[in-house]
Amino acid sequence: MSTSKWQVIDAFGDAMAAAGLGQPKIIADGKLHRFRTADDKVGRQSGWYLLYLDRLPAGAFGSWKSGESRTWCAKSAEEQTPAERADIRALMDEARRRHQSERDQRQRAAAMHALAIWNRCTPAPADHPYLVAKSIRPHGTRLDRYGNLVIPATDGETVTTLQFIAPDGGKRFLTGGRIVGCWFGIQSPKAGPILIGEGFATMATLHLETGAPAVIAFNATNLLPVAKAIRRMNLRKEILICGDDDRWTAGNPGRTKARAAALAIGGKLLMPDFTGMDVSSRPTDWNDWYRLRRLAREVA
């Protein structure tokens with residue numbers, strides 16, 4: 001392999017590192033390869049890439065965990081000839097097909113695994129340590145054999161993945177499952193707005209306080225896809241996006257993404273207000289707000 005090709009591989013690896021995915025050993029054979037990203041746990045490989053060196057060197061890379069994908073080329077768009085641009089489009093279309101096929105296979109397998117685990121679980125007891133700590137009810141969640149609270153995510157038809165919450169509050173998702181656009185719902189016979197927010201504790205709290213149906217999107221990034229899905233099923237219903245106030249995180253992603261979701265579907269934004277409360281615990285969500293308010297009343 002010539003020096004110039006090694007330089008191309010190094011440049012491709014640098015682009016992956018700059019995207020925060022780490023810098024694995026690159027095999028430039030045009031095939032899809034998995035690798036462990038910088039934030040993967042031991043044994044996980046959520047990163048993927050492929051790199052072509054024939055003709056104009058080009059490739060693509062991304063993460064199944066985050067859903068992010070990017071394309072890369074040895075030449076800038078301004079330097080490419082029309083024929084080269086056409087070649088790159090064809091190569092990237094093939095890369096996307098391969099990535100989509102692999103992702104679909106992983107998600108189908110994860111969905112089957114999720115359903116099998118869910119069917120083996122038992123109803124969550126009201127005295128589960130996490131539920132007690134958050135002052136919330138089970139709402140149809142279940143308990144696995146390790147004592148974790150198990151929350152299913154659905155696309156409206158099937159269970160796509162599971163979230164596990166340990167007694168101490170530690171959270172993780174089933175590996176390979178689809179979360180984008182999927183949710184868990186707390187039903188209510190009460191007429192009124194639909195509430196959408198990030199965490200289970202947050203939305204269980206708001207359901208308790210308002211009696212309204214609540215939808216858990218699991219994270220800030222998933223608020224927009226879930227809000228769009230719920231809007232499609234409820235064209236005329238009022239929807240409130242209940243954001244987290246991530247004031248302790250740069251850019252406040254909880255507020256930013258909640259606001260974007262509300263604007264996109266014509267909904268309203270509802271944010272917790274911690275004014276006058278003790279914020280030494282760095283509260284962010286509606287469950288924090290509820291428990292701080294209750295504590296203040298008990299002290300008074």
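The values are calculated or read from the model by the stated rules, or taken from the named source; none is laboratory data. Since this is a predicted model, take the numbers as computed values, not measurements. Every residue, glycine among them, receives a Cβ derived from its backbone with ideal geometry; neighbour counts consider all protein chains shown. We work out accessible area using only protein heavy atoms, side chains counted, and drop any ligands, DNA or RNA first. Shrake-Rupley method; radii C 1.70, N 1.55, O 1.52, S 1.80 Å.
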Give just the number: which of (1) outside any helix (DSSP H, G or I); (2) touching a residue at least 60 places away in the same chain (Cβ under 8 Å); (3) more than 30 Å from A201 (Cβ to Cβ) does E102 not satisfy?
-> (1)
Name every residue in the stretch 105-123 that is out of contact with any Asp or Glu (no Cβ under 8 Å at 6 or more places or on another chain), free of Cβ contacts under 8 Å to residues at least 60 places away in the same chain and open to solvent by 60 Å² or more (accessible area, probe 1.4 Å), in order of residue number.
-> Q105, R108, M112, L115, N119, T122, P123
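Just the residues that are of a type in the set (A, V, I, L, M, F, W, C) and assigned to a helix (DSSP H, G or I), please, taken from the stretch 163-207.
Within the stretch 163-207, the subset of a type in the set (A, V, I, L, M, F, W, C) is 164-166, 173-174, 179-180, 182-184, 186, 191, 194-196, 200-201, 203-204, 206.
F200, A201, M203, A204, L206, listed by residue number.
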Within the bounds of the stretch 234-242, is there any residue that is surrounded by 21 or more Cβ atoms within 10 Å (Cβ to Cβ) and within 15 Å of F200 (Cα to Cα)?
-> yes
Which condition breaks for V150 when tested against (1) open to solvent by 30 Å² or more (accessible area, probe 1.4 Å); (2) touching a Lys or Arg at 6+ places or on another chain (Cβ under 8 Å); (3) without any contact (Cβ under 8 Å) to a residue 40 or more places away in the chain; (4) hydrophobic (A, V, I, L, M, F, W, C)?
-> (1)
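Inspect all residues belonging to the stretch 71-83 and state whether any of them is open to solvent by 20 Å² or more (accessible area, probe 1.4 Å), part of a helix (DSSP H, G or I) and more than 30 Å from N219 (Cα to Cα).
Let us first name the residues in the stretch 71-83 that are open to solvent by 20 Å² or more (accessible area, probe 1.4 Å), namely 71-83.
After this cut, where a residue has to be part of a helix (DSSP H, G or I) as well, the list is 82-83.
After this cut, where a residue has to be more than 30 Å from N219 (Cα to Cα) as well, the list is 82-83.
Yes, that holds for at least one residue.
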Residues of the stretch 237-261 being assigned to a strand (DSSP E or B) and over 17 Å from the mean Cα position of the chain (by Cα), in sequence order, are I239, L240
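Has the stretch 175-187 got at least one residue that is modelled with pLDDT under 95, of a type in the set (A, V, I, L, M) and surrounded by 15 or more Cβ atoms within 10 Å (Cβ to Cβ)?
Within the stretch 175-187, the subset modelled with pLDDT under 95 is 175-180, 187.
In the following step, the residues that additionally are of a type in the set (A, V, I, L, M) were identified as 179-180.
Checking which are surrounded by 15 or more Cβ atoms within 10 Å (Cβ to Cβ) leaves us with 179-180.
Within the stretch 175-187, one or more residues are modelled with pLDDT under 95, of a type in the set (A, V, I, L, M) and surrounded by 15 or more Cβ atoms within 10 Å (Cβ to Cβ).
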In the stretch 246-256, is there at least one residue being touching a residue at least 24 places away in the same chain (Cβ under 8 Å), farther than 20 Å from G169 by Cβ and either of a type in the set (G, A, S) or surrounded by 19 or more Cβ atoms within 10 Å (Cβ to Cβ) (or both)?
-> no
Candidate set: the stretch 207-232, residues that are among the hydrophobic types (A, V, I, L, M, F, W, C) and under 10 Å from V180 (Cα atoms); chosen: the one surrounded by the fewest Cβ atoms within 10 Å (Cβ to Cβ) = L224
Is it the case that some residue within the stretch 155-167 is touching a Lys or Arg at 6+ places or on another chain (Cβ under 7 Å), closer than 21 Å to R255 by Cα and buried (at least 23 other Cβ atoms within 10 Å of the Cβ)?
-> no
State the number of residues belonging to the stretch 262-300 that are closer than 19 Å to C242 by Cα, outside any loop (DSSP other than H, G, I, E, B) and not charged (D, E, K, R).
-> 11
Within the stretch 188-202, tally of residues that are out of contact with any Leu (no Cβ under 9 Å at 6 or more places or on another chain) and either open to solvent by 10 Å² or more (accessible area, probe 1.4 Å) or at pLDDT below 95 (or both) | 6
